[in-house]
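Inspection log for the structure reproduced underneath, given as structure tokens.
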Amino acid sequence: MNFITMLGSLLLLCCLKTVGQEGQLPISIIPEPRSITQSNSTLTLKGDFILEINGDFPLIDSTTQLLHRFVKQRTLSDKPIHRFEISKNPTLTAEAYRLKVTSRKISIEAATTQGVRYAIQSFLQLFPLNPTNNTLPCVTIDDAPLLEYRGLMLDPARHFIPCDELKRYIEIMAQYKFNHLHLHLSDDQGWRVEIKGLPLLTSVGSIRKGTAKSTLPESGFYTQDELKALVKYAESRGVTIVPEIDMPGHSVAAIAGYPELSCEGKQIEVRTTPGVSEQLLCIGNEKVFDYLECVIEEFITIFPDAKFHLGGDEAPFDCWKNCPRCQARMKEQGLKREEELFSYLFNRVNKILERHKKTPLFWFELDVPNYPSNAIMYAWRMGLTPQVIKEAKQRGHKLICAPGEHAYFDYPQWRGDEPQPNWGMPLLSLEQVYKFDPTYGLSSEECDHIIGVEGTLWGECITTPERLYYMSYPRAIALAEAGWSPMERRDWNMFCKKLNYHLPRLFHQGINYRVPIEINQTK
Ligand code: TNX
């Protein structure tokens, strides 16, 4: 090495120190990127960007609009001043990006629009909280997600959530690089999607006379047009909607509309209280399969993505034992145990999905002997996750981890906090969410089938949009890091420091988060 290159390397080392060194601007990006290299220089923005887009990035407009809007608001100027270059780099993986901020220009490299979106979300998180200060650190960020599926689940079946509220929810989750919004669209307490061929699903099934806490009726459903618009909106923000129709349990609202779907065939009402119902779909009745086919065929015209959740949770099957039609079905199929009826149902419904190249998703129940071979499973029951990870691997299924012990956002966040009374729900603190290691400490071989994480906000107590955010934030931010950042890049104390930057950002956007007073308590 000659003198000049040695001097050059030394100089480079001096200015390319790692993040957070003294004298450097703080960086608080969540989820934590793979690698950040910060120099001592800064860039002070004084006006809008001159965007240069090299390559084809479909649906990029809503992202670049966001960028323009943001910088114009900050600098109070729409004069195009700063160079901002977005270029295609096909060697990067689908959601990866490289973001470079220098004192002369900003540049992004990505292989897809999604990569560009994430680069821009990270870029926006470089701005100081003080809205009159537009000095950014000069950085190079190389980033890519740990897991391909990073989801949140909402439950408009228990309490209807208007479309506009879903859109706002999508906007915020996209800031934290979540890419799937799973919608639990049917349950005992409500049916929420217009099905043209089965009008009683909504005219009867979307209304309940009261709830556990109120004697006032609860109702609401989405028209197909509203859902189509929602899917488009989500897509433009990089979020895929995963629809769920629960079966064979959690079907009381559907049965209230069409009593012939249950084993007993009795007229029942949409359930007013939480809990698990003993009413299941009758597996011996061909009308049930006609119903499912009709629902799925209409769903398919609304939700273009391949993922289709068929529920499958919490279905006590005593009614099948006493049902002559279910028993006849078992005989016809040579089934010995009622549990095998689940597999029969799921495999048959999967045939409908196969015609449309859809992949079925299920809540994993260990007593169901087999699921369709292409099914993606969810680990959810508290304490069973390690066993479910093993079992899913053995059975050859991909797995998404949404475990009760880390990802149930319907659980209260702190002692004495709402929801109260909480039907014996355990606490799920922010720290407990943050501790979530989706691999459960297993070797990469033992968990190479884990494709994602999901936070589930069951809706029995989610009576207003304010509660929706209160229960989701900031816990969803902690979960975002579990899905995106490798364990070696994560640290609870560092996360708490970064959160002090993110909470005011949420506040500024009108998000009703829980103030996590515990994060600034000295230990
Ligand atoms: C279990 S998690 C359910 C939901 C409830 C939730 C309440 C799952 C697949 N089923 O129906 O809302 O517990 O915590």
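Within region 430-475, how many residues are among the hydroxyl-bearing types (Ser, Thr, Tyr), within 19 Å of the chain's Cα centre (by Cα) and within 16 Å of the ligand (Cβ to nearest atom)?
Kept after step one, since they are among the hydroxyl-bearing types (Ser, Thr, Tyr), are these residues of region 430-475: 434, 439-440, 443-444, 456, 463-464, 469-470, 472-473.
So of that shortlist, the ones also within 19 Å of the chain's Cα centre (by Cα) come out as 434, 439, 456, 469-470, 472-473.
With within 16 Å of the ligand (Cβ to nearest atom) added as a condition, the list becomes 456, 472.
Here the count works out to 2.
Matching residues to (1) buried (at least 19 other Cβ atoms within 10 Å of the Cβ); (2) within 17 Å of PHE57 (Cα to Cα); (3) out of contact with any Leu (no Cβ under 9 Å at 6 or more places or on another chain); (4) among the charged types (D, E, K, R):
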position	(1), (2), (3), (4)
GLN73	no, no, yes, no
LEU76	no, no, yes, no
TYR97	yes, yes, yes, no
ILE106	yes, no, no, no
ILE120	yes, yes, no, no
LEU124	no, no, no, no
PRO131	no, no, yes, no
THR135	no, no, no, no
ASP143	yes, no, no, yes
Residues (free of Cβ contacts under 8 Å to residues at least 40 places away in the same chain and surrounded by fewer than 15 Cβ atoms within 10 Å (Cβ to Cβ)) located in region 342-368: LYS351, GLU354, ARG355, LEU366, ASP367
Filter pass, PHE507 being crowded, with 22+ Cβ neighbours inside 10 Å, of a type in the set (Phe, Trp, Tyr), outside any strand (DSSP E or B) and at pLDDT 95 or above: no
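Any chance region 363-386 includes a residue that's out of contact with any Phe, Trp or Tyr (no Cβ under 9 Å at 6 or more places or on another chain) and modelled with pLDDT under 95?
First, the residues of region 363-386 that are out of contact with any Phe, Trp or Tyr (no Cβ under 9 Å at 6 or more places or on another chain): 366, 373-374, 383.
Checking the rest, the ones that are also modelled with pLDDT under 95 come to 383.
Yes - at least one qualifying residue is present in region 363-386.
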Hits in region 357-415 (condition: in contact with a Pro (Cβ under 7 Å, 6 or more places away or on another chain), under 12 Å from THR456 (Cα atoms) and either more than 10 Å from the ligand (Cβ to nearest atom) or aliphatic (A, V, I, L, M) (or both)): ALA379, CYS401
Check on LYS177, surrounded by fewer than 19 Cβ atoms within 10 Å (Cβ to Cβ) and more than 16 Å from the ligand (Cβ to nearest atom): no
Region 377-397 residues that are over 14 Å from ASP313 (Cα atoms), paired with ones that are in a loop (DSSP other than H, G, I, E, B) and hydroxyl-bearing (Ser, Thr, Tyr) (beta carbon under 7 Å, 6 or more apart): THR385/TYR440; PRO386/TYR440; ILE389/TYR440; GLY396/SER373; HIS397/TYR371
Top-ranked residue of region 12-38 - restricted to ones that are at pLDDT 95 or above and of a type in the set (S, T, N, Q), ranked as nearest to ILE477 (Cα to Cα): SER28
Selection status of LEU345, in a loop (DSSP other than H, G, I, E, B), more than 26 Å from the chain's Cα centre (by Cα) and aliphatic (A, V, I, L, M): no
Failed item in (1) surrounded by 20 or more Cβ atoms within 10 Å (Cβ to Cβ); (2) closer than 15 Å to TYR473 by Cβ; (3) among the basic types (Lys, Arg), with ARG168 passing the rest: (1)
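Step by step: first the residues of region 202-218, then only those that are surrounded by 15 or more Cβ atoms within 10 Å (Cβ to Cβ) and not hydrophobic (A, V, I, L, M, F, W, C), then the one that is farthest from THR301 (Cα to Cα). Which residue is that?
Of region 202-218, the ones surrounded by 15 or more Cβ atoms within 10 Å (Cβ to Cβ) are 202, 204-208, 211, 218.
Add one more test, that the residue is not hydrophobic (A, V, I, L, M, F, W, C), and what stays is 202, 205-206, 208, 211, 218.
Details: THR202: 18, GLY205: 21, SER206: 21, ARG208: 27, THR211: 32, GLU218: 27 Å.
Checked region 202-218; the qualifying residue farthest from THR301 (Cα to Cα) is THR211.
Looking for something part of a loop (DSSP other than H, G, I, E, B), within 20 Å of GLU269 (Cβ to Cβ) and under 18 Å from the mean Cα position of the chain (by Cα) - is there at least one such residue anywhere in region 191-202?
Keep residues of region 191-202 that are part of a loop (DSSP other than H, G, I, E, B), which gives 192, 194-199.
Narrowing further to those that are within 20 Å of GLU269 (Cβ to Cβ): 192, 195, 198-199.
Within this subset, residues satisfying the condition of being under 18 Å from the mean Cα position of the chain (by Cα) are none.
Within region 191-202, not a single residue is part of a loop (DSSP other than H, G, I, E, B), within 20 Å of GLU269 (Cβ to Cβ) and under 18 Å from the mean Cα position of the chain (by Cα).
Taking VAL515 as the residue in question, decide whether it is assigned to a loop (DSSP other than H, G, I, E, B) and either closer than 26 Å to ARG381 by Cβ or over 20 Å from the mean Cα position of the chain (by Cα) (or both).
Numbers: assigned to a loop (DSSP other than H, G, I, E, B): yes; either closer than 26 Å to ARG381 by Cβ or over 20 Å from the mean Cα position of the chain (by Cα) (or both): yes.
When the stated conditions are applied, VAL515 passes them.
The values are calculated or read from the model by the stated rules, or taken from the named source; none is laboratory data. Please read these numbers as outputs of a predicted model, since none were measured by experiment. Using ideal geometry, Cβ is built from the backbone for each residue, glycine included, and neighbour counts are taken over all protein chains shown.
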